[in-house]
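Asks: One structure is given below, represented as structure tokens, and several questions about it will come after.
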Amino acid sequence: MFEDVKPGDPIPLLASFWNGLKAAVRARRLLPGVGVRLREMPFGTIVNFDANAAAWDHPWRIATDGNQATLRKGLVDGIEPKIGDRLKLMIAPSRFTSDGVSLICVEIACDDHWNTNSAKLVQVARLDDSDPNKPGDGTTPLLPPALSGRRTRCPLVLLRQNDAGDITAFQIAYFNLRHVALFPSGTTNEARVRHFFFPC
């Protein structure tokens, strides 16, 4: 970006260095967005937000209405599980655990090279259920499962149903997703593949 200054260098080189340093600091300063206030202090910058959190229309954002869930558009490896402009899913009461927990997931299928080739939304009681219609037993694995047919799931929303039957949604995913399938060192056994989802 600019040359280093050494003792004994002429004043014009020092001025050039100083101006370059100021330009580098200015280029990396924080810029406030809509509803954001910045207050620069000697020890750092204080960031204040005025915007309501509900105003952030992020990918996969859920809205529930009775037994129907509507999700905003989201992508997995550039593929959109699409039903019109929004993603709608009927919430099935049979797909809750005995504790009243269910998951809305994006289920992907991979090709021979473990790249995502299709995506759909499913509601499951357990992340690793091969049959989404099967009620769960209340246990949930920590990693996305390796399902038959080179499929896996990533949870987007956790649904909680109380004793009165009211459903509360808890958002899990806020960004578009990228999928990576990895094998443990020294094996290509499909049963041992590990799936990872990253925000992108």
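Asks: Filter the range 130-144 down to residues that are over 21 Å from ASN176 (Cβ atoms) and either surrounded by 20 or more Cβ atoms within 10 Å (Cβ to Cβ) or modelled with pLDDT of 80 or more (or both), then give me how many there are. So that I can check it myself, show each step before the final result.
Replies: To start, the set of residues in the range 130-144 that are over 21 Å from ASN176 (Cβ atoms) comprises 130-142.
Checking the rest, the ones that are also either surrounded by 20 or more Cβ atoms within 10 Å (Cβ to Cβ) or modelled with pLDDT of 80 or more (or both) come to 136.
Selection size over the range 130-144: 1.
Asks: Here are some residues: LYS120, LYS73. Which one is outside any strand (DSSP E or B), modelled with pLDDT of 85 or more and either surrounded by 13 or more Cβ atoms within 10 Å (Cβ to Cβ) or small (Gly, Ala, Ser) (or both)? Show your work before the answer.
Replies: On the way: LYS120 fails: outside any strand (DSSP E or B).
Exactly one residue qualifies, and that residue is LYS73.
Asks: Looking at the range 28-78, which of its residues are of a type in the set (Ser, Thr, Tyr) and not assigned by TED's automatic domain parsing to the domain that holds ALA92?
Replies: THR45
Asks: Residue by residue through the range 168-198, note down the ones that are modelled with pLDDT of 90 or more, out of contact with any His (no Cβ under 9 Å at 6 or more places or on another chain) and assigned to a strand (DSSP E or B).
Replies: Scanning the range 168-198 gives THR168, ALA169, PHE170, LEU177, ARG178.
The values are calculated or read from the model by the stated rules, or taken from the named source; none is laboratory data. Since the model is a prediction, treat every value here as computed from it, not as a measurement. Backbone-built Cβ (ideal geometry, glycine too); neighbour counts: all protein chains shown.
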